[in-house]
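Asker: Below is one structure. I have some questions about it.
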Amino acid sequence: LAWVALLTGTAALCEYGLGRPLLDHLAPALTGMSPLTAMALAALALSCLLGRRARPSWLLAGVAACIAFALLGAHLLIGHDVFSGPVNAWLFAPSPLVHGSVSPATASCLALLSVARMAQLAGRHKVCDVLALLAFAVAGIGLLGYAYGVKDLYSVLLFNAMAVHTALALVCLAVSMMLFQADQGWLNVVTLSNRAGAATR
C-alpha cells in the first residue's frame, strides 16, 4: 500500500518534470495532483517503507508535515493554495500541463498522516490509529464519490478538488500505517490467530 502511494506521487512529479500527463488524471476533466501533494505523498510513503529506522523516517515525516501545515495555513489565512504555482514554476520547466492545487481536505489528510507517522515512530500507537482513521475517512469519502459518480462527496465545502489518485494514495497510506502496527493498534483484533480474530475477519 505504501508502494502504491509512492509510485502515485513519483508519477505525478514525473508528469511535471516531463511536461506530459503520464497518469492523464485517470479520467478526463478530473483535477490534477499538485507537485506539493506529490512530494508530501512520496515523503510519507518512503517514511513508511523505511519502517522503524528512526532518523530518516522522522526526517521524511517532518518534510511532509511542513508541506501540509504550510498549505493549511495558506488556506486559513488567504483562502487558497498559494504555494503550488510558485513551486511548480521554480522546480519545473514551463509546460502546457496545468498544475493542480491542494484542497483543504488534501492538506488536512497530509497533516493527519504526517503527525500519525510521527506518533507511530514515538510509540504512540493509539494516537497514530486515531489520526490515520480520520485521514482514511476524509479521503475515503472523496474516493467513494468518484467510485459512485456522486460529485457532492468530493466537491462539497472544504473538501473540493481532491483528485481521485490523491484520494486513493491517501487511503492506501492511512491503511498501511494502521496495518504496520496491527499487533499493537486497533487492527490487532483482525490479525489475531484465535477464534475471535477469525470471526472478525
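FYI, it's all coordinate maths here, none of it is from the lab. Note that the structure is a prediction, hence the values are computed from the model and not measured. We place every Cβ from the backbone using ideal geometry, glycine too, and count neighbours over all the protein chains shown.
Asker: In nm, what is the difference between 0.36 nm times the number of residues separating Val127 and Val189 and their Cα-Cα distance?
Answerer: 20.6 nm
Asker: Further question: Estimate the FRET efficiency between Val87 and Tyr148 by the formula 1/(1 + (r/R0)^6), using the beta-carbon distance for r and 45 Å for R0, to the nearest 0.05.
Answerer: 0.85
Asker: Further question on the same structure: By per-residue mean of other Cβ atoms within 10 Å, what is the highest-first order of 71-83, 121-133, 37-49?
Answerer: Per-residue mean Cβ counts within 10 Å order the peptides as 37-49, 121-133, 71-83.
Asker: Compute the signed sum of charges (Lys and Arg +1, Asp and Glu -1) over the other residues within less than 15 Å, Cβ to Cβ, of Ala2.
Answerer: Once positives and negatives cancel, what remains is +3.
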